[in-house]
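Comments concern the structure below.
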Amino acid sequence: MTASFSAQDYLGALQALMPRGRVWPRDLDAAQTGLLLALAQAYERTDARSRALLVDGFPLTAVELLPEWEATLGLPDSCGGNPETISERQARVVVKLQEPGGMSRAYFLNLAAVLGYADMTLTEFGPTNCEMTCEVAVMNEQFRFLWKVNIPHQGDNHAFFRASTRCDARIDSYRFGALECQLMRLKPAHTQVVFTYMEVADAAH
């Protein structure tokens, strides 16, 4: 974060406050100018640090104070793992701060959006009744406690089995560990969650 005013700006302001006369020179090579410039550079650094503090006061933009945000919130935790980028760490802090938000549908969708899955949708179920069409699957009362998380396919989170892959690995796998872990940890205790990973074309239907 750069300062609002440069060292030269501060130097000009300091020189403008000094008395006039031959013993108060404004020449660049004058001893007085060198002294005032040293003060001006200190003011520039202080200005920049103050502006950086304003940025670090908000978790979504914090950089220098990010470790303190994390230490206060007990991060990294078992769900977040060890995120590598600053933006991932900032997102984890925001998620942690928003955790006491409740158990509503909107809360979990917002949680996913903060983690970078704004396209995630939720499907809720209920028992079959006579007003439903014949194509609807037959479900009993227990389905009230089931909900499904639908995550559109993202290329960097999708892996196929290859010749170099370990023999005990899945043929087709998705890496959404942080999202799954957070939702499983925060879901209502009496509910069950099913995760589905869809191709983008499928998600549009």
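The values are calculated or read from the model by the stated rules, or taken from the named source; none is laboratory data. Because the structure is predicted, anything quoted here is derived from the model rather than measured. Note: ideal-geometry Cβ built from the backbone for every residue, glycine included; neighbour counts use all protein chains shown. What goes into the accessible areas is simple: the full protein's heavy atoms, side chains included, and nothing from ligands, DNA or RNA. Shrake-Rupley method; radii C 1.70, N 1.55, O 1.52, S 1.80 Å.
A few notes on this one:
- For the range 66-84, the set of residues classified as open to solvent by 50 Å² or more (accessible area, probe 1.4 Å), of a type outside the set (Phe, Trp, Tyr) and touching a helix residue (DSSP H, G or I) at 6+ places or on another chain (Cβ under 8 Å) consists of 76, 78, listed by residue number.
- Residue count for the range 69-113 under the criterion of being among the hydroxyl-bearing types (Ser, Thr, Tyr) and more than 11 Å from the chain's Cα centre (by Cα): the result is 4.
- The lone exception for residue 8 - which of (1) surrounded by 14 or more Cβ atoms within 10 Å (Cβ to Cβ); (2) assigned to a helix (DSSP H, G or I) it fails: (1)
- In the range 85-112, the qualifying residues are those that are part of a loop (DSSP other than H, G, I, E, B) and farther than 20 Å from residue 58 by Cα, and the one that is least open to solvent (accessible area, probe 1.4 Å) is 102.
Quick grid of which residues meet (1) assigned to a helix (DSSP H, G or I); (2) in contact with a helix residue (DSSP H, G or I) (Cβ under 8 Å, 6 or more places away or on another chain):
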| site | (1), (2) |
| --- | --- |
| 12 | yes, no |
| 26 | no, yes |
| 29 | no, no |
| 37 | yes, yes |
| 53 | yes, no |
| 59 | no, yes |
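- If you go through the range 117-142 and pick out every residue that is open to solvent by 40 Å² or more (accessible area, probe 1.4 Å) and modelled with pLDDT under 80, you end up with 14.
- Residue 178 being within 28 Å of residue 60 (Cα to Cα) and either exposed (fewer than 15 other Cβ atoms within 10 Å of the Cβ) or at pLDDT below 75 (or both): yes
- Answer from 170, 162 - the residue that is of a type in the set (Lys, Arg), within 20 Å of residue 196 (Cβ to Cβ) and either at pLDDT 85 or above or open to solvent by 70 Å² or more (accessible area, probe 1.4 Å) (or both): 170
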